[in-house]
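Data first, discussion second: the structure below is written as structure tokens.
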Amino acid sequence: MYWKELYVFENDRPVRAVIRNYEEKDFPGLIRIQQESFPPPFPSELWWNTEQLKNHVTLFPEGALCVEVDGEMAGSMTGLIVHFDPNHPEHTWEEITDHGYIRNHQPNGNTLYVVDIGVLPAYRKLGLGKWLMLSMYEVVIQLGLERLLGGGRMPGYHQKADQMTAEQYLEAVIKGELKDPVITFLLRCGRTPVKVVENYLEDEESRNYAVLMEWKNPFLKKLRQGE
């Protein structure tokens with residue numbers, strides 16, 4: 001199981017934080033994180049419910065991470081293992097995550113797929129999202145998987161949708177001509193784009209588009225060779 005103690009910084013003040021696997025006692029805090037991280041127009045029916053969270057901690061507890069700051073639940077990240085074929089990347093969030101219930105978790109798959117990541121707005125200046133992402137990379141390495149993969153929302157795209165395609169918007173973000181709250185964050189975390197996917201998730205701000213973005217296990221060759 002996962003446990004990491006570290007300090008994050010509020011301006012120049014170190015603040016103690018812990019990243020660990022979440023448990024059933026954490027469910028109320030996790031639901032609150034969802035509600036505050038994804039306010040309307042994000043569909044409220046996509047917030048976690050108790051049955052989904054029970055599946056996360058039962059079917060794949062290694063992929064259920066949360067971060068506490070000074071003992072208060074501040075963010076979470078959830079994943080499952082799937083078999084991903086780069087030659088056939090098209091899918092929706094509902095299909096690949098089983099609507100967030102992860103009953104399709106494949107222990108022998110090759111890819112850790114990000115179901116969700118969220119941080120309470122009051123804690124977002126502490127860099128917790130990046131620390132959660134880095135921690136999930138460590139899970140990928142520990143389990144010997146090929147990659148971390150997930151669909152990144154494009155919440156800034158609705159402001160440019162009448163001027164450019166989703167692919168053009170992504171290219172502008174990569175070139176630094178535009179900043180997107182999610183895609184730019186994922187780039188900063190070391191994720192690289194794989195493909196723009198249409199109708200990935202009901203998301204008005206993203207016009208239902210998302211960018212599949214991966215992080216490849218840099219130790220995979222050595223792991224396979226047993227070095």
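Here the calculated FRET efficiency for residue 221 and residue 83, from their Cβ-Cβ distance with R0 = 25 Å, stands at 0.80, rounded to the nearest 0.05. Here the scattering of the chain is modelled by Debye summation over its C-alpha atoms, one equal scatterer each and no solvent; at q = 0.17, 0.18 Å⁻¹ the log10 of I(q)/I(0) is -1.34, -1.49.
Between residue 58 and residue 7, how high is the FRET efficiency from 1/(1 + (r/R0)^6) when r is the Cβ-Cβ distance and R₀ = 22 Å? Nearest 0.05. It comes to 0.10. Over 24 Å between Cα atoms, which of 175/216; 54/216; 125/179; 195/216 qualify? Over 24 Å apart, Cα to Cα: 54/216.
Note on the chain: with charges restricted to the Cβ of Lys and Arg (+1) and Asp and Glu (-1), its dipole about the Cα centre is near 820 debye.
Phi-derived couplings, Karplus 6.51 cos²θ - 1.76 cosθ + 1.60 at θ = phi - 60°, listed residue by residue for region 164-174: 7, 6, 4, 5, 5, 4, 4, 4, 5, 5, 4 Hz, with x used for Gly and Pro.
The overall shape of region 1-70 is oblate: from the C-alpha gyration tensor, with semi-axes ordered a ≥ b ≥ c, the ratio a/c is 1.5 or greater and a/b is no larger than b/c. With the gyration tensor restricted to C-alpha atoms of region 1-122, the semi-axes of the equivalent ellipsoid amount to 26, 17, 14 Å, longest first.
Once the Cβ-Cβ distance of residue 36 and residue 202 is raised to the sixth power relative to R0 = 22 Å, the FRET efficiency obtained is 0.65. Helix-only arithmetic for the chain: the sum of -39500 (n - 2.57) across DSSP H runs with n ≥ 4, divided by the residue total, places the mean residue ellipticity at 222 nm at -8000 deg cm²/dmol. Please identify which residues in region 50-66 have an amide N closer than 14 Å to a label point set 7 Å out from the Cα of residue 103, following the Cα→Cβ vector. Zone members listed by number: 51-56, 59.
Of 54, 195, 160, the residue with the greatest mean-square motion in the GNM of the chain, using alpha carbon springs below 10 Å, is 160.
Each reported figure results from applying straightforward, stated rules to the coordinates on display, with no laboratory input. Being a predicted model, the structure only gives us computed values, none of them experimental. Every residue, glycine among them, receives a Cβ derived from its backbone with ideal geometry; neighbour counts consider all protein chains shown.
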